[in-house]
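Below is one structure, written out as structure tokens; the observations come after it.
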Amino acid sequence: MTEITVTIQDGEKETFAAGTTATDALRALVSNKQRKQTVAVLYNGTPVDLSCPLQEDGILAPITLKSEQGLEILRHSTAHAMAQAVKELYGEDVKVAIGPAIEDGFYYDFDRDTPFTPEDFAAIEAKMAEIAKSRQPVERLEMSRDEAIAFFSEKGEPYKVELLEDMDEERVSLYRQGAFVDLCRGPHIPDTSWLKVFKMLRVAGSYWRGDEHRQMLTRLYGTAFTDKKELKKYLNRLEEAKKRDHRKLGKQLGLFTISDEIGPGLILWKPRGSMLRKLIEDYWKDEHYRHDYQLLYTPHIARQDLWKTSGHLDFYGENMYSAMDIDEVQYQLKPMNCPFHIEVYNSNKHSYRELPIRWCELGTVYRYERTGALHGLMRVRGFTQDDAHIFCRPDQLEDEIFNIIDLNLHILKTFGFDQYDVYLSTRPEKYVGSDEHWDLSTEALKRAMDKKGLAYEIDPGEGVFYGPKIDIKIKDQLGRSWQCSTIQVDFNLPERFEMSYTGEDGAGHQPIMIHRALMGSLERFIGILIEHYAGSFPLWMAPEQARILNITDDQAEYCLDIYAQLRKAGVRIDKDLRNEKLNYKIREAQLMKAPYMLIIGDREKADGTVTVRKKNGENLPPMTPQAFADMVEKECAEAMAV
């Protein structure tokens, strides 16, 4: 009988007969307490079921329910249980599509003539509870691809058949629990009794495979946790997220609107939103000037040939808008700013002494997004990137990346984000440029992050087509992650556009190009800020810093004088001189998230002062208008000096 050696994480080894299951190996190598929390294992780095027979020597690592990977397995298995419940309740009326685990939960797509509604959730959850209580074993099956196609064809599951027909694998895996069988790579829970805490969340529409020309499916979302406390905490967070929804607050605070007459995904900024945007833009420009960047402005369209040279038509064409004919020449809206900056560079000759050159632009670009994917400020069709491109010599690359990271983290901290995850995205399947250039740029990114002391994870294959990148995902007040900052090294475009500088040796050399965006897009970043602060922005960023409220009409003229003084002093001030009760006007100012209210009565009018009330209800001693302006200026300066 063939024997294998299994090594556990701490180095302990045990010899077993080949074919021993992961469960039996765990029983010999780990404590009973840890084994009870182990939902699957990594064997030689590959996640496998506990029932998996081990056929070769290897290193075994338990995947516990408390781990991120274990929770993902639990949620994926819950998606299968939801699909099983739906099939048992609604039978042949339902065709199943796909059901992955996602961040904070799972979903499953179904094709049904009568779409599901939230009213169906109670019945589905009850059936899921039955399935969990019945302790049904979850069994992995293997078939040839052709056998699996025949199997799902017989069951009348066309979406599974289509997925299989697009696969290259000769053999595929399926999972069975009760009468329900699903196409899946796994791994999964050993049996359905592991499903203890789950909740249906919402319903949405989804096109099959994301194609708006294909069948519209019903997507059911849910979540699962290991204990009820975690579920309760998550549901509370969802309620808080609803209150912070930037679309709701954007309307309430008068920040932006979207018009059907203009078109979906195109933002109209109202005066208060425009002021918020101006404050962010001014800060961004000032910080870049202090860090030795120069500002550029470029057009919104360019000849189509430019996008052919850059490679965007080949690699990004499906996200670009159709060409327009101008003077019998094809033009297209720009999806990127980079080729424009390159043309500015190529308009002059450059010496090695000039490098690095740092150019930045708040450049508006246009990208096609499907209507179903549009979402307030977060997903739009026209947006402004906080873009910059650095052209440098190879010996300057690492320092430039380090400086970008330093500026990036400084700006994020000023906006209130000091928690983030960092990822290094490596070469994708579809790419341009030499492997040598990819390796060189990837190592430069790694060294710069190491020098800065940044912890990061490798995100394999997620680089852009022209180079590797660093992605920084910020965390908001609710702990949600948002992709914002990106730093990308590019050897490709300098080669395509024949960029050069004269080196110290008098010969021509090709510069290295770094693409970077710190906020990603202003629209999306502002949406994140609205939700992060629940619309109650820090004083330096607040579009309205204070509101003047009179007690009676007798103070109206004095209020107008104070209003003019403070505007000249640079305070962003509004006024409410309506003939309404003071408490009503205070409530209105609080709803608009005004940081300060200046209460004006007969005493203030006589003394030439204002009574200052904070948005939390705290009253400050009366002060002169100039003293208030000085206080505002000082508070803003301190907040921005992080």
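Of the residues in region 428-436, none is touching a helix residue (DSSP H, G or I) at 6+ places or on another chain (Cβ under 8 Å), part of a helix (DSSP H, G or I), of a type in the set (A, V, I, L, M) and in contact (Cβ under 8 Å) with a residue 60 or more places away in the chain. The set of residues from region 178-205 being surrounded by fewer than 18 Cβ atoms within 10 Å (Cβ to Cβ) and hydroxyl-bearing (Ser, Thr, Tyr) comprises just one member, 193.
For region 1-102, which helices (runs of 4 or more DSSP H) that fit wholly inside it have 2 or more residues that are under 27 Å from the mean Cα position of the chain (by Cα)? So that I can check it myself, show each step before the final result.
Numbers: elements: 22-29, 32-36, 68-90.
Filter on region 1-102 gives 68-90.
For region 341-362, a residue qualifies if it is buried (at least 16 other Cβ atoms within 10 Å of the Cβ) and either outside the structural domain of residue 511 (by TED's automatic domain parsing) or in a loop (DSSP other than H, G, I, E, B) (or both), and the qualifying residues are 350, 355, 356.
Screening 476, 471 for residues that are within 26 Å of residue 237 (Cα to Cα), touching a residue at least 40 places away in the same chain (Cβ under 8 Å) and out of contact with any Lys or Arg (no Cβ under 9 Å at 6 or more places or on another chain) leaves exactly one candidate, 471. Within this structure, residue 132 fails the test of being in contact with a strand residue (DSSP E or B) (Cβ under 7 Å, 6 or more places away or on another chain), over 16 Å from residue 219 (Cβ atoms) and either surrounded by 16 or more Cβ atoms within 10 Å (Cβ to Cβ) or outside the structural domain of residue 175 (by TED's automatic domain parsing) (or both). Can you find a residue in region 579-592 that is part of a strand (DSSP E or B) and under 23 Å from residue 253 (Cα atoms)? No, because not a single residue in region 579-592 is part of a strand (DSSP E or B) and under 23 Å from residue 253 (Cα atoms). None of 560, 549, 566 is assigned to a helix (DSSP H, G or I) and in contact (Cβ under 8 Å) with a residue 40 or more places away in the chain except 566.
Residues checked against (1) touching a helix residue (DSSP H, G or I) at 6+ places or on another chain (Cβ under 7 Å); (2) exposed (fewer than 15 other Cβ atoms within 10 Å of the Cβ); (3) closer than 30 Å to residue 434 by Cβ; (4) of a type outside the set (Val, Ile, Thr):
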{"site": "504", "(1), (2), (3), (4)": "yes, yes, yes, yes"}
{"site": "561", "(1), (2), (3), (4)": "no, yes, no, yes"}
{"site": "579", "(1), (2), (3), (4)": "yes, yes, no, yes"}
{"site": "588", "(1), (2), (3), (4)": "no, no, no, yes"}
{"site": "601", "(1), (2), (3), (4)": "yes, no, no, yes"}
{"site": "611", "(1), (2), (3), (4)": "yes, no, no, no"}
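The set of residues in region 534-578 that are aromatic (Phe, Trp, Tyr) and over 23 Å from residue 248 (Cβ atoms) comprises 540, 558, 563.
The combined condition, being within 30 Å of residue 332 (Cα to Cα), among the aliphatic types (A, V, I, L, M) and modelled with pLDDT under 95, is fulfilled by residue 373. Scan region 228-240 and tell me whether some residue there is touching a residue at least 40 places away in the same chain (Cβ under 8 Å) and out of contact with any strand residue (DSSP E or B) (no Cβ under 7 Å at 6 or more places or on another chain). Yes, region 228-240 contains a residue that is touching a residue at least 40 places away in the same chain (Cβ under 8 Å) and out of contact with any strand residue (DSSP E or B) (no Cβ under 7 Å at 6 or more places or on another chain).
The values are calculated or read from the model by the stated rules, or taken from the named source; none is laboratory data. Remember, it's a predicted structure, so these values are computed and weren't measured experimentally. Glycine also receives a Cβ, built like all others from the backbone with ideal geometry; neighbour counts cover every protein chain displayed.
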